[in-house]
Each structure stands twice: as C-alpha cells, then as structure tokens.
Amino acid sequence: MPIYQHCKGCGAEISAQAKTCPHCKTVLIKDEPPRPPRPPVRRDWETIQGVSGSGHRVRRRWRIGFLIAAVVVGWIIYAGREKAINASRAEYVGEWGFTAPNLRVTCRNHRYADGTVRPHVVARVDGREYALNGAARGSGLYSDGRDVMKPDQWKYGATQNLIDRGLGLCR
C-alpha cells in the first residue's frame, strides 16, 4: 500500500516521495536531517596559542599594535606638515630686503632650559636656515639672518613685515 500525503496548496492526495504537486506545482518541503555543526574557523592569531597564550590575548595584542602603528604614522604625517610662508622677490610688495630671490619663512616655538618659550622666525634659503628675529639669532641655533639681507634692510626694519607674518605662524 503506497503512502500518500496531502498537498498544502490544493489539498490533492499525492505520493509521499513527490517533491512538487503534479496538479498545482506547489513545492513540498520535507524535513531534512539536521546538519552537524561546522567546526569554528581558526584565525592566524589563534593558531599561535602555544607561543603567546590564548587566542584572545593574541588578538588584543594585534589590535593594540595596529592602534600604536596608526598613531605613529599619523604623528609622522602631521609633524611633517610645517606651517610656512613662501616669499619671493616677484610677489613681495615694496623693497625686497634680501639677497636671495626666494625664502621659506617658518616659526618654531623654542623651549629654553629655564622653561621659557620664545618664537624663532627662521628663513630657509638653499637648504640652510637663517635667524630673522632676535630670539632666533640669540639662540645660536641658526646662521645669522644678516647674511641673506641687504646691508641697509636690517637697520631700517624693511624686513619687519615678513618677520611679523612669520611670528603669526607660531600663534
């Protein structure tokens, strides 16, 4: 005696082995045996358990290492950006007070041994740095700025505009 089942779509009596109803084409869902659970996927850092402890600790170390590397790379990129003014004889309004045609003016806050901080306005010409303001000249860290200035410019303060703009970079 064959075993029959009823179609859920049209109610017709059909064979128990049928996967679809021949009358209404309804797909019949049969209970499948449960699948065995899949084994957990092992990550690279979890296979090092014998060397450095549990996989959780190794994962945490990877995250901390990545975070430290990201901070260091960000700091290097940020530190590489120096605020500067590029000045040239062609774009300067008024008398150009320097012997070099182009300057890159920067300002650096320098901390002295006694704890005071003073801004150093420095001009870079051909890879060499020259002190423009008195604090930078007095520190002895840079070449004297009078070497790249015309002789009468320092005395009359014709370069003061560029020094003031350089001091604005330190603020």
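The values are calculated or read from the model by the stated rules, or taken from the named source; none is laboratory data. These numbers come from a predicted model, not from an experiment. Here the Cβ is made from the backbone with ideal geometry for all residues, glycine too, and neighbour counts use every protein chain on show.
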Revision key, fill the gap. When the range 113-127 is checked residue by residue, the ones that are exposed (fewer than 12 other Cβ atoms within 10 Å of the Cβ) and either in contact (Cβ under 8 Å) with a residue 12 or more places away in the chain or touching a helix residue (DSSP H, G or I) at 6+ places or on another chain (Cβ under 6 Å) (or both) are 126
Practice item. Give me a count of the residues in the range 84-106 that are part of a loop (DSSP other than H, G, I, E, B) and among the basic types (Lys, Arg). Key: 1
Exercise for review: Hey, could you check the range 132-153 for residues that are closer than 19 Å to residue 89 by Cα and touching a residue at least 12 places away in the same chain (Cβ under 8 Å) and say which is surrounded by the most Cβ atoms within 10 Å (Cβ to Cβ)?
Suggested key: 132
Exercise for review: Being within 36 Å of the chain's Cα centre (by Cα) and surrounded by 15 or more Cβ atoms within 10 Å (Cβ to Cβ) is the filter; apply it to the range 154-171 and report the residue that is modelled with the lowest pLDDT.
Suggested key: 170
Check your understanding: What about residue 95, is it of a type in the set (Asp, Glu) and either in contact with a strand residue (DSSP E or B) (Cβ under 6 Å, 6 or more places away or on another chain) or not assigned by TED's automatic domain parsing to the domain that holds residue 159 (or both)?
Key -> no
